[in-house]
Amino acid sequence: MDPKLHQTILLSSFKLIPFILIAVFLLSTPSASQLSSDFYLFSCPNVERLVRNTVESASALDSTIPGKLLRLLFHDCLIEGCDASVLIQGKGTERSDPANKSLGGFYVVDSAKELLEVLCPGTVSCADILVLAARDAVELTGGPSVEVPLGRRDGLVSSASNVRPNMVDTSFSVDELAQRFTSKGLSMDDLVVLSGAHTVGSSHCDAFSERFKQSSNGTMVPVDTSLEKGYAKQLAETCRAGASATTTVDNDPSTPSSFDNQYYVNLLANRGLLHSDSVLVTDARTRSTVEAFSESQDAFFMTWAESFVKLSTIGVKTGDDGEIRFSCSSVNG
């Protein structure tokens, strides 16, 4: 090669180095839009398999785990965003609020985190573990497989005072549900789709107690006449006066352990457990979607995948926001 040409090429290459370094820096600095399905491809390539194995093992021992993990994600994402702030223990935290006292499944996330801290220390956030665990809970109970973007960081703030202004209440009307969902960037369709999470899991009696009253002879009678009579009778017998505060009822009375479209079939038969479920069939804005999902499980599953990803990316923290916790139940330091 001509010496002058060789020198020119070298000089040109050296001039490009600053630009290459800048490009590398930009690519390695995460932002809210930089979540990706292969975020841990090099830093912890087996993260999804390890989380799934943990969820699968726990679910084999306790069939209520899938519903608990799914509910745990909802209660996390709707408050401070999907940042695992609901996992933090302590006085005055989200977890301490009465609305979150009945949450469960924490130990599954903790177990996965402990394993990952051994194999990939300081790498995988509790927020990502929770999203993966909830995703896997759906698939393990017969629901669709969903590819979720990863790269969330864990939040530093967890305050009980933030729970009530952001959480969905089981007594909400469609207008109240819609307002709460749209404030999080979710649509009316997302509301109907994500309510389908109630196809698994269970609820404590006090979650729908306003639908009944105690008669003079001590029995529970429905005040909500929209409930199908046979179903109302079953609920009244299970949640009778004086029943333990720990008594629960399956959200889906037909296929409680399967993630399917039976929830929507139940709604149309007036067998929706919660008031916030039942109102979806009495409002024209939501009823048509309920009907569509009751007729097609494929349609429900396809739309679920889209809405679940939207839910799991609410208010995520990336880059310099938050941290990677060493323990999911407390902030570092």
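Listing for the model above:
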{"quantity": "Contour minus Cα-Cα distance for SER244 and GLN214 (0.36 nm per residue)", "calculated": "9.3 nm"}
{"quantity": "For region 205-295, alpha-carbon Rg over 2.2 N^0.38 Å", "calculated": "1.12"}
{"quantity": "Tensor-based shape of region 205-253 (alpha-carbon gyration tensor, a/c under 1.5 rounded, otherwise prolate or oblate)", "calculated": "oblate"}
{"quantity": "Heavy-atom SASA rank of PHE326, PHE208, PHE301 (probe 1.4 Å, accessible area, largest first)", "calculated": "PHE326, PHE301, PHE208"}
{"quantity": "Net charge, SER187 excluded, C-beta distance under 15 Å - Lys, Arg +1, Asp, Glu -1", "calculated": "-1"}
{"quantity": "Residue order for ARG71, ARG49, ARG152 - accessible surface, 1.4 angstrom probe, largest first", "calculated": "ARG49, ARG71, ARG152"}
{"quantity": "Share of carbon and sulfur in the accessible heavy-atom surface of the chain [1.4 Å probe, %]", "calculated": "56"}
{"quantity": "Segment LYS101-ARG285, extension gain: residue separation times 0.36 nm, minus the distance between their alpha carbons", "calculated": "63.0 nm"}
{"quantity": "Projected label distance in nm at SER161 and ASP189, using a 7 Å step from Cα toward the beta-carbon", "calculated": "3.9"}
{"quantity": "Unit charges at the beta carbon, dipole of the chain: most positive-side option, ILE324, LEU177, TYR264", "calculated": "ILE324"}
{"quantity": "Isotropically averaged projected area of the chain, using the convex hull of Cα atoms (one quarter of hull area), nm²", "calculated": "21.9"}
{"quantity": "Average accessible area per residue (Å²) across the chain - probe 1.4 Å, nucleic acids and ligands excluded", "calculated": "48"}
{"quantity": "For the chain, with +1 on Lys and Arg beta carbons and -1 on Asp and Glu, the positive-most of THR255, VAL290, SER195 along the dipole", "calculated": "SER195"}
{"quantity": "Cβ charges +1 (Lys, Arg) and -1 (Asp, Glu), total dipole of region 206-333, debye", "calculated": "420"}
{"quantity": "Tilt relative to the chain, helix 126-140 - C-alpha long axis, 0 to 90 degrees, to 10", "calculated": "60"}
{"quantity": "Rounded, prolate or oblate (a/c below 1.5 giving rounded, otherwise prolate when a/b exceeds b/c) for region 108-232 by Cα gyration tensor", "calculated": "prolate"}
{"quantity": "Efficiency of FRET from Cβ geometry, LYS233 and ALA292, R₀ 22 Å, rounded to 0.05", "calculated": "0.15"}
{"quantity": "Dimensions (Å) - region 95-159, Cα atoms, principal axes, largest first", "calculated": "32, 31, 20"}
{"quantity": "CD proxy at 222 nm, helix term only [per DSSP H run n ≥ 4: -39500 (n - 2.57); per residue of the chain; nearest 500]", "calculated": "-14000 deg cm²/dmol"}
{"quantity": "ILE88 accessible area, 1.4 Å probe, all protein chains in place, Å² to nearest 10", "calculated": "10"}
{"quantity": "Anisotropy class of region 129-197 from Cα gyration tensor, a/c 1.5 cut", "calculated": "oblate"}
{"quantity": "Summed side-chain charge close to LEU177 - residues other than LEU177 whose Cβ falls under 14 Å, Lys, Arg +1, Asp, Glu -1", "calculated": "-3"}
{"quantity": "In Å², nearest 10: area of SER257 left accessible to a 1.4 Å probe", "calculated": "80"}
{"quantity": "Separation between Cα centres of region 277-333 and region 255-272, rounded to whole Å", "calculated": "18"}
{"quantity": "Computed P(r) (all Cα pairs; region 249-333; 5 Å bins; percent)", "calculated": "3, 12, 16, 18, 15, 8, 7, 10, 8, 2, 0"}
{"quantity": "Given LYS68/LYS184; LYS184/LYS213; LYS68/LYS310; LYS101/LYS184, the pairs whose alpha carbons are separated by over 25 Å", "calculated": "LYS184/LYS213"}
{"quantity": "Top positive-direction residue, dipole computed over the chain with Cβ charges, set LEU70, VAL124, ASN100", "calculated": "ASN100"}
{"quantity": "Spin-label pair ASP320/PHE42, simplified geometry with 7 Å Cα→Cβ offset, distance in nm", "calculated": "2.3"}
{"quantity": "Cβ-derived FRET efficiency at R0 30 Å, SER327 paired with THR170, nearest 0.05", "calculated": "0.45"}
{"quantity": "Cα centre as origin, Lys/Arg/Asp/Glu Cβ charges: the chain dipole, Debye", "calculated": "460"}
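The values are calculated or read from the model by the stated rules, or taken from the named source; none is laboratory data. Not measured: the values here are computed from a predicted model. In this analysis, Cβ positions are derived from the backbone assuming ideal geometry, glycine residues included, and neighbour counts consider all displayed protein chains. Remember, those area values only see protein heavy atoms, side chains included, never the ligands or the DNA or RNA. Shrake-Rupley method; radii C 1.70, N 1.55, O 1.52, S 1.80 Å.
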